[in-house]
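The values are calculated or read from the model by the stated rules, or taken from the named source; none is laboratory data. Note that this is a predicted model, so its numbers are computed, not measured. As a convention, Cβ positions derive from the backbone with ideal geometry for all residues, glycine included, and neighbour counts pool all protein chains shown.
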There are 2 protein chains.
Amino acid sequence: MAIIVQKYGGTSVGSIERIRHVAARVSECYRQGHDVAVVVSAMSGQTDRLLNLARELTPSPDPRELDVMVSTGEQVSVALLAMALKELGTPARSLLAYQVPIRTDDAFTKARILAIDDKSIRAVFQAREVAVVAGFQGITEGNDITTLGRGGSDTSAVALAAVLKADRCEIYTDVDGVYTCDPNICARARRLAKISYDEMLEMASLGAKVLQTRSVEFAKKYDVPVLVKSTFTDEGGTVVAREDEDMEREIVSGITYEKNEAKITLLAVPDRPGVAAEIFTPLALKNINVDMIIQNVSVDGKSADLSFTVTKNDYAQAMELIKAAAAKLNAKDIIGDTSIAKLSIVGVGMRSHAGVAARMFKALSAVGINIMMISTSEIKVSVVIEEKYLELAVRALHTAFDLDAPARQAE
Amino acid sequence: MAIIVQKYGGTSVGSIERIRHVAARVSECYRQGHDVAVVVSAMSGQTDRLLNLARELTPSPDPRELDVMVSTGEQVSVALLAMALKELGTPARSLLAYQVPIRTDDAFTKARILAIDDKSIRAVFQAREVAVVAGFQGITEGNDITTLGRGGSDTSAVALAAVLKADRCEIYTDVDGVYTCDPNICARARRLAKISYDEMLEMASLGAKVLQTRSVEFAKKYDVPVLVKSTFTDEGGTVVAREDEDMEREIVSGITYEKNEAKITLLAVPDRPGVAAEIFTPLALKNINVDMIIQNVSVDGKSADLSFTVTKNDYAQAMELIKAAAAKLNAKDIIGDTSIAKLSIVGVGMRSHAGVAARMFKALSAVGINIMMISTSEIKVSVVIEEKYLELAVRALHTAFDLDAPARQAE
């Protein structure tokens, strides 16, 4: 008998009808004799409803109190799912973060999991009950409620699977797996049967909104195989696992994009040690994540231009902070641009193939697209382009890297 | 500087606008230098919204899970009020039951407070912050969430005032005090400036829905003076306190009624020891509260008739259980009646006045109303009558006991 962690997203528990459907799926797994822990998100729409209440009160709600409020979404879902399971004769028990407990740091609204005590969940298994665990939430050392940021329930599930040494972690969502690119903008996208943690990590952080990045980091760190599957069909699914021989050996596994970023460029900042720290420390202090950072060689050996991207949400605050830093550093000018998009190709195959980046640039240039920023890692190449060319670029690359599904599959 | 506990009901925090209003009131008190603990209920409508979700799933939701779900209503309110206070520059911190902690027994959906630890709240006072405490909820020894039953936030507030040895406990609600009877059915009802715990206890348990019964028991036990006041005006208010010379010395302080009861009569049950236990133990096991119980003398010395009342909600289940008990006892018949109303006169003055009950019966007979059951205690007389005569009876008694406000006040 196995230990199985299942996670259901907000759409999957979006109505009483759907909660019943989830309960039936969970019960089936339980009846096969497995120990089952289920992680659920808030019913779709609830988190936004709560955030809107807070925003009606104030544009900048207190983060600690925001987490107290927003975490109620998951609290309602776990209770409803536990009720639904009992209705089906499946013994079940809801557990909130403080009951597990799931310890996090105290970065309210985007906390990180520090430790999960498995005792309470093992006790639930011991009693042959299903453990229904609230996703997205944690508690600090001081017993304050925190939340893990959007998509945090994925991380809850994988972290739980890790501490329970689960045999499987199944993430049920409204898509049936991980695709070579977003089917909405690329009709010939293909579902991948298997993908490595590293590729998924690049895909997730780059905008393939199937799994939260941190959940994949956890999965990789603790070697938890994750199955991404649709709640609504039994077909399909993608396994995210350690890289192995079985894995499809294409050079590029997928293409991802991110439209929710903005670019900030500092012109002519002094080229001396400590400058980057002076620029980025204020952003870090405000918990603003910086994505791409590019600094080119200084022509005169004294000053350099520096560009970076942040999410559009953080853009206004980042500009504010950067203005202060730029003044101190005597930067020549600051240029902001919010109409950009980031586009990336990802694949472990790049490790053993030369010329992948060149092939990408060539494909973009063939359709007349100018590249504004370039950044590369071992298994991905990212470029920033004008947002309006995004769809065109994705399709061009999908074809250039032989990812297109056979025409007959492209319904 | 005093320690003050304030409690705001669901209507008082029913919208963001009203939460702002409450925050202003609390801030005012805080700025006077007091240590303030505020207990809030769920925004009006929220508890029902949640209960309906559960009922959509199943007619008999699991009580433990129901409490996990329903307690989120207060969790949202405390967070919003703490945010609103901070917006006004008043330092504040929300506390849920598990954070205080407020310990209860494990009678889910109608738990009783066993102990409140005052350390966490005193720490909040020490930091010169307002403690915003979630009403209605508690946790068991095993850290499960419980709720205290409808109106439980009053009990939370008074219990908190007791452990904090608060100078005042102020209950803000949508009425401006305790009246001699329900102004909706008796236009000449008068607001009482002061009322004793015992009278209030009889008033509350008999249906004057201003304060939850248990909150008054707590107040009496720990001698906490409670001020009941309207959130929306500065006028009026009723003090519930220990009986003293100041108290108005009328024979009857008020008239209350209860329409949400049903009567069950068992005909010809054996008149031997243990019979009552056999009848009522099954009800107690299902947590069904029995209100009035009346057994008349058996004519033949062998069997007696027994009547009792339960809430209409419990009626169907009670009938079910009683049928089983009646069969075992060979009772002749069972008669149920849901169209009854209970009417009571309450007053500490009864202790020193004879003939109060007789005066009540005479007043009812004068308007042609038949009395079905009678029950008396030291400071109250209750009768059960046909529901359709209720308004008529209340007005007749209000006049008979000189409670009518002068005509000019009866706007």
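Condition check for A:G10 on (1) more than 12 Å from chain B (Cβ to nearest Cβ); (2) within 18 Å of B:S94 (Cβ to Cβ): one failure, at (2). Within the span defined as the stretch A:352-364, every residue fails to be of a type in the set (V, I, T) and under 22 Å from the mean Cα position of the chain (by Cα).
When we screen B:C169, B:C186 for residues that are assigned by TED's automatic domain parsing to the domain that holds B:V70 and over 10 Å from the mean Cα position of the chain (by Cα), the only hit is B:C169. Does A:A37 count as more than 12 Å from chain B (Cβ to nearest Cβ) and modelled with pLDDT of 95 or more? Spelling it out, A:A37 is indeed more than 12 Å from chain B (Cβ to nearest Cβ) and modelled with pLDDT of 95 or more. When the residues of the stretch A:118-144 are filtered to those that are in contact with a helix residue (DSSP H, G or I) (Cβ under 8 Å, 6 or more places away or on another chain) and over 30 Å from A:I288 (Cα atoms), the one that is nearest to the other protein chains (Cβ to nearest Cβ) is A:V132. Note on the stretch A:13-56: residues that are surrounded by fewer than 24 Cβ atoms within 10 Å (Cβ to Cβ), within 22 Å of the chain's Cα centre (by Cα) and hydroxyl-bearing (S, T, Y) total 2.
Here's the yes/no breakdown for (1) surrounded by 17 or more Cβ atoms within 10 Å (Cβ to Cβ); (2) not polar (S, T, N, Q):
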| site | (1), (2) |
| --- | --- |
| A:R150 | no, yes |
| A:S156 | yes, no |
| A:D176 | yes, yes |
| A:Y179 | yes, yes |
| A:N184 | no, no |
| A:I195 | yes, yes |
| A:E199 | yes, yes |
| A:Y222 | no, yes |
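Of the strands (runs of 3 or more DSSP E) lying entirely inside the stretch B:115-204, those carrying at least 1 residues that are acidic (D, E) are B:168-173. Taking each residue of the stretch A:310-324 that is surrounded by 19 or more Cβ atoms within 10 Å (Cβ to Cβ) and looking for partners that are polar (S, T, N, Q) and assigned to a helix (DSSP H, G or I) with beta-carbon atoms closer than 9 Å, six or more apart or interchain, yields A:V310/A:Q317.
Residue check: is B:T104 surrounded by 22 or more Cβ atoms within 10 Å (Cβ to Cβ), polar (S, T, N, Q) and within 14 Å of chain A (Cβ to nearest Cβ)?
Details: surrounded by 22 or more Cβ atoms within 10 Å (Cβ to Cβ): yes; polar (S, T, N, Q): yes; within 14 Å of chain A (Cβ to nearest Cβ): no.
Considered against the rule, which asks whether it is surrounded by 22 or more Cβ atoms within 10 Å (Cβ to Cβ), polar (S, T, N, Q) and within 14 Å of chain A (Cβ to nearest Cβ), B:T104 comes out as no.
Could you run through the stretch B:83-95 and say how many residues are touching a helix residue (DSSP H, G or I) at 6+ places or on another chain (Cβ under 6 Å), farther than 18 Å from A:G142 by Cα and either assigned to a helix (DSSP H, G or I) or at the interface with chain A (Cβ under 7 Å from one of its Cβ atoms) (or both)? Spell out the reasoning first.
Taking the stretch B:83-95 as the starting set, the residues that turn out to be touching a helix residue (DSSP H, G or I) at 6+ places or on another chain (Cβ under 6 Å) are B:83-85, B:88, B:90, B:92-94.
In the following step, the residues that additionally are farther than 18 Å from A:G142 by Cα were identified as B:83-85, B:88, B:90.
Checking the rest, the ones that are also either assigned to a helix (DSSP H, G or I) or at the interface with chain A (Cβ under 7 Å from one of its Cβ atoms) (or both) come to B:83-85.
The qualifying residues number 3.
I'm checking my understanding of the structure. Among residues of the stretch A:259-304 that are of a type in the set (D, E) and assigned to a strand (DSSP E or B), which one is surrounded by the fewest Cβ atoms within 10 Å (Cβ to Cβ)?
Here the residue is A:D291.
Considering the stretch A:57-76, and only residues there that are of a type in the set (S, T, Y) and at the interface with another protein chain (Cβ under 7 Å from one of its Cβ atoms), the residue that is surrounded by the fewest Cβ atoms within 10 Å (Cβ to Cβ) turns out to be A:T58. In summary, strands (runs of 3 or more DSSP E) completely within the stretch A:329-411 and bearing 3 or more residues that are buried (at least 19 other Cβ atoms within 10 Å of the Cβ) and among the hydrophobic types (A, V, I, L, M, F, W, C) occur at A:340-346, A:380-386.
Would you mind stating whether B:D314 is part of a helix (DSSP H, G or I), under 18 Å from the mean Cα position of the chain (by Cα) and closer than 20 Å to B:S375 by Cβ? Steps first, please.
Details: part of a helix (DSSP H, G or I): yes; under 18 Å from the mean Cα position of the chain (by Cα): yes; closer than 20 Å to B:S375 by Cβ: yes.
Against the criterion (part of a helix (DSSP H, G or I), under 18 Å from the mean Cα position of the chain (by Cα) and closer than 20 Å to B:S375 by Cβ), B:D314 qualifies.
Between B:E87, B:E28, the distinction of being among the acidic types (D, E), more than 29 Å from A:T90 (Cα to Cα) and touching a Ser or Thr at 6+ places or on another chain (Cβ under 6 Å) belongs to B:E87 only. Looking for something away from chain B (no Cβ under 14 Å) and within 15 Å of A:I19 (Cα to Cα) - is there at least one such residue anywhere in the stretch A:165-173? Yes, some residue in the stretch A:165-173 is away from chain B (no Cβ under 14 Å) and within 15 Å of A:I19 (Cα to Cα).
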